[in-house]
Structure formats: C-alpha cells, structure tokens
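The values are calculated or read from the model by the stated rules, or taken from the named source; none is laboratory data. As the structure is a prediction and not an experimental result, all values here were calculated from the model. FYI the Cβ positions are ideal-geometry reconstructions off the backbone, even for glycines, and counts take in every protein chain you see. Areas reflect the complete protein model, heavy atoms only, side chains present, ligands, DNA and RNA absent. Shrake-Rupley method; radii C 1.70, N 1.55, O 1.52, S 1.80 Å.
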Amino acid sequence: MTGQRILKLATYGMEIVECGGALAKNVRAGGTSHAAVLLARDPSKPYVRSASEVLGVQTRFLDFASGTVTPDVPSKTTLVRVIREIRPDIVICQDPEHSFEDLDPDRRQAMILYLEALALAARDFALEEMPGLAPHPIPTVYYMTPSRPNCLVNVADVWELKERAMAQLR
C-alpha cells in the first residue's frame, strides 16, 4: 500500500477503529487518512478523537441528529463538500448489504446518503454553494466487512496501534 488520501465515512465513529489498521497503514506509507463522522454523540466525541489520533486519522464530526438521517439535498451538500475538500483517492464506508440487514434506521439512510454524495461529488451538483471546490470523482470505494469480500488488508504490522485506538473508545 502506497500513501493515498483515504476518507472513511463513519456513521458513529467506532468504524474508524474497525478500519483502523488500513487507515494507520496508509499514514505509515506517507498518505493521509481522514474520517467524517455523521452521528457521534457529544459524550463520545473525545473518545473517537483520541482513537483517531492514535491511528493518525484526521477526523471531523458532521453533527447530524440521531433518528433524522435522510438523503435530502442539505445532507448531500454537506457530504459533497467534505469529499471535495479532502479529494480522496479511496473512500471506505459501510457495506450497503449490511446496512440494510441491520435494524439501525440511521445506518440504512446513511448508506444511501453516502452513495448519493459520492456520485454527486463528481458532478456539477451545488457548485454555486461551494466556490473553489471543483467536482471530484472517487476512483475507488471499499466497503468495510462485506458479506463477499474481494480485498483484504494485512494489518499485522499496525495491530498494536489498532488495539491502542480500541482502548480509547468508551
């Protein structure tokens, strides 16, 4: 893995640690790893931020409200702005199949929102609201823990970092 610009779209924040090995490996290889967290509750934010720091992940909280996630235009605009600002080579997000089997209503809506925003980020969507932020296509999207994986990342060399990051979560 050579250094890339990776964006992890995280619904709650713990997903940063779940993908922490890949994100930390990217940082070690000279890349930058970012995370955008949709729904972290205020009491959880310091723990998510601490875990992110252990892994070298630059994290921002989008402060969506629990139970209200929807793929509406304002929500898409928020995520498209993040994508265009970071300009990732790779995006990692929840597996769409898993999000629909899950009984978490925010996770299903978040997955639709993520996919819509990824598509719109490459188009002329909301350009007037984002001066200086050109469209940005995402060449590679990976789904975390898919039912039928087609890519595995050996994280043995950063396992200790992943464990230290996990210990930060409460």
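Return yes when VAL48 is surrounded by 16 or more Cβ atoms within 10 Å (Cβ to Cβ) and among the hydrophobic types (A, V, I, L, M, F, W, C) and no when it is not.
Against the criterion (surrounded by 16 or more Cβ atoms within 10 Å (Cβ to Cβ) and among the hydrophobic types (A, V, I, L, M, F, W, C)), VAL48 qualifies.
Does the range 17-33 hold any residues that are in a helix (DSSP H, G or I), among the aliphatic types (A, V, I, L, M) and either closer than 14 Å to LEU169 by Cα or open to solvent by 30 Å² or more (accessible area, probe 1.4 Å) (or both), and which are they?
VAL17, VAL27
Report yes if ALA36 is open to solvent by less than 60 Å² (accessible area, probe 1.4 Å), closer than 26 Å to MET130 by Cα and of a type in the set (Gly, Ala, Ser), otherwise no.
Yes.
The conditions are (1) under 18 Å from GLY31 (Cα atoms); (2) without any contact (Cβ under 8 Å) to a residue 60 or more places away in the chain, and VAL82 fails exactly one of them. Which is it?
VAL82 satisfies all of (1) under 18 Å from GLY31 (Cα atoms); (2) without any contact (Cβ under 8 Å) to a residue 60 or more places away in the chain except (2).
Each row is one residue, and each column tells you yes or no for (1) among the aromatic types (Phe, Trp, Tyr); (2) touching a Gly at 6+ places or on another chain (Cβ under 9 Å).
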| position | (1), (2) |
| --- | --- |
| LYS45 | no, yes |
| VAL54 | no, yes |
| PHE64 | yes, no |
| VAL73 | no, no |
| THR78 | no, no |
| ARG81 | no, no |
| ARG87 | no, no |
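Tell me which residues, restricted to the range 94-122, are under 12 Å from THR77 (Cα atoms) and open to solvent by 30 Å² or more (accessible area, probe 1.4 Å).
Once the filter is applied, which keeps residues that are under 12 Å from THR77 (Cα atoms) and open to solvent by 30 Å² or more (accessible area, probe 1.4 Å), the range 94-122 yields GLU116, ALA119, LEU120.
Report every pair of residues separated by at least 6 positions or lying on different chains whose Cβ atoms are under 8 Å apart, first residue within the range 20-45 and closer than 22 Å to THR77 by Cα, second in a loop (DSSP other than H, G, I, E, B) and of a type in the set (S, T, N, Q).
VAL37/THR11; LEU38/THR11; LEU39/THR11; LEU39/SER66; ARG41/SER66
Select from the range 58-93 the residues that are assigned to a strand (DSSP E or B) and open to solvent by less than 10 Å² (accessible area, probe 1.4 Å) and write down the one among them that is modelled with the lowest pLDDT.
Going through the qualifying residues, I end up with CYS93.
Tell me, please, whether a residue that is part of a loop (DSSP other than H, G, I, E, B), of a type in the set (A, V, I, L, M), modelled with pLDDT under 95 and surrounded by 13 or more Cβ atoms within 10 Å (Cβ to Cβ) can be found in the range 146-161.
yes
Working carefully through the options ALA40, ALA36, find the one that is in a loop (DSSP other than H, G, I, E, B) and under 13 Å from the mean Cα position of the chain (by Cα).
Answer to the check: ALA40.
Select from the range 117-145 the residues that are part of a helix (DSSP H, G or I) and more than 21 Å from ILE16 (Cα to Cα) and write down the one among them that is farthest from the chain's Cα centre (by Cα).
GLU128
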